[in-house]
């Protein structure tokens with residue numbers, strides 16, 4: 001006995017006709033007859049009998065219908081409650097990400113989430129990658145876009161993003177071409193943040209792998225806008241995601257090329273704190289964030305990023 005069989009039984013009882021119930025449900029009469037027969041075997045009571053006007057309930061069927069209707073009503077109410085919880089969203093939602101991610105995706109998240117959850121107060125935070133992790137683990141942020149690998153204190157969604165890091169240079173310099181050999185990075189004057197920043201650590205690791213020395217002429221821990229301004233003014237070259245400088249490239253104020261041999265990339269994950277109580281509203285908000293991020297990548301709004309989804313496990317599984 002299951003809820004589908006109870007619902008089918010109730011429809012036959014209401015129509016007083018197997019054929020009418022079959023037409024409403026869009027199934028063969030034999031399918032309904034088979035389910036009713038199985039339900040009668042489970043209950044141990046005959047539920048219907050045929051008379052000249054169609055199909056009527058037996059005395060046992062009438063008693064069983066009252067009990068079955070209570071179950072069906074309770075299931076309908078549970079579905080209504082679940083729907084309300086899912087669609088109302090959390091009262092407040094804090095989303096954190098590093099500036100190079102937030103500058104690209106926060107605007108689309110703000111518009112999309114407000115459309116889905118108009119009653120939810122949205123709060124966006126940009127900070128260094130390590131600070132984003134701390135905001136999540138300390139419970140000051142609900143959802144974060146963080147650089148992989150995520151620490152064990154976080155539970156992460158099955159969504160994975162891969163972001164390419166580009167060499168960005170002034171337009172007054174020699175053309176970088178469609179791609180730039182990573183082996184030649186040591187030939188260029190660089191403007192990079194200090195080693196506490198992820199992109200600098202990746203650059204240093206790449207240099208060690210290739211056995212080259214990076215010529216870091218200027219260290220700058222300001223935002224990407226200051227770095228790009230320094231590059232435009234001729235202070236040197238920098239490394240950053242394409243999405244951060246796409247407008248300047250389109251306007252002819254900067255040039256950029258991906259690195260090859262090897263490429264320089266970093267992973268991005270959608271994460272939540274493992275020890276947080278995930279309400280239905282928060283869960284639906286996570287799925288909305290996931291959808292907006294994927295749409296942004298596939299529609300070209302987040303250039304230089306690709307989607308790599310692990311469909312083997314459920315979203316936000318604990319690993």
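The values are calculated or read from the model by the stated rules, or taken from the named source; none is laboratory data. Note that the structure is predicted; figures quoted are calculated from it, not measured. Here the Cβ is made from the backbone with ideal geometry for all residues, glycine too, and neighbour counts use every protein chain on show.
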**Message:** Which numbered condition in (1) more than 19 Å from residue 103 (Cβ to Cβ); (2) surrounded by 15 or more Cβ atoms within 10 Å (Cβ to Cβ) is the only one that residue 178 fails?
**Reply:** (2)
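Anything in the range 240-253 that is buried (at least 21 other Cβ atoms within 10 Å of the Cβ) and not in a strand (DSSP E or B)? List them, or say none. First the steps, then the outcome.
Filtering the range 240-253 down to residues buried (at least 21 other Cβ atoms within 10 Å of the Cβ) leaves 240-241, 243-245.
243, 244, 245, listed by residue number.
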**Message:** Checking residue 256 against (1) under 13 Å from the mean Cα position of the chain (by Cα); (2) assigned to a strand (DSSP E or B); (3) surrounded by 19 or more Cβ atoms within 10 Å (Cβ to Cβ); (4) at pLDDT 90 or above, only one condition comes out false. Which one?
**Reply:** (1)
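Yes or no: residue 199 in contact with a strand residue (DSSP E or B) (Cβ under 6 Å, 6 or more places away or on another chain) and not in a helix (DSSP H, G or I)?
Values: in contact with a strand residue (DSSP E or B) (Cβ under 6 Å, 6 or more places away or on another chain): yes; not in a helix (DSSP H, G or I): no.
No.
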**Request:** Kindly list the number of the only condition in (1) under 30 Å from residue 116 (Cβ atoms); (2) without any contact (Cβ under 8 Å) to a residue 40 or more places away in the chain that fails for residue 221.
**Result:** (1)
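Filter the range 1-32 for residues that are part of a loop (DSSP other than H, G, I, E, B) and farther than 17 Å from residue 45 by Cα and give the result.
Filtering the range 1-32 down to residues part of a loop (DSSP other than H, G, I, E, B) leaves 1-2, 16-17, 26-28.
Across the range 1-32, the qualifying residues are 16, 17, 26, 27, 28.
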**Message:** Which numbered condition in (1) under 17 Å from the mean Cα position of the chain (by Cα); (2) modelled with pLDDT of 90 or more; (3) outside any strand (DSSP E or B) is the only one that residue 278 fails?
**Reply:** (2)
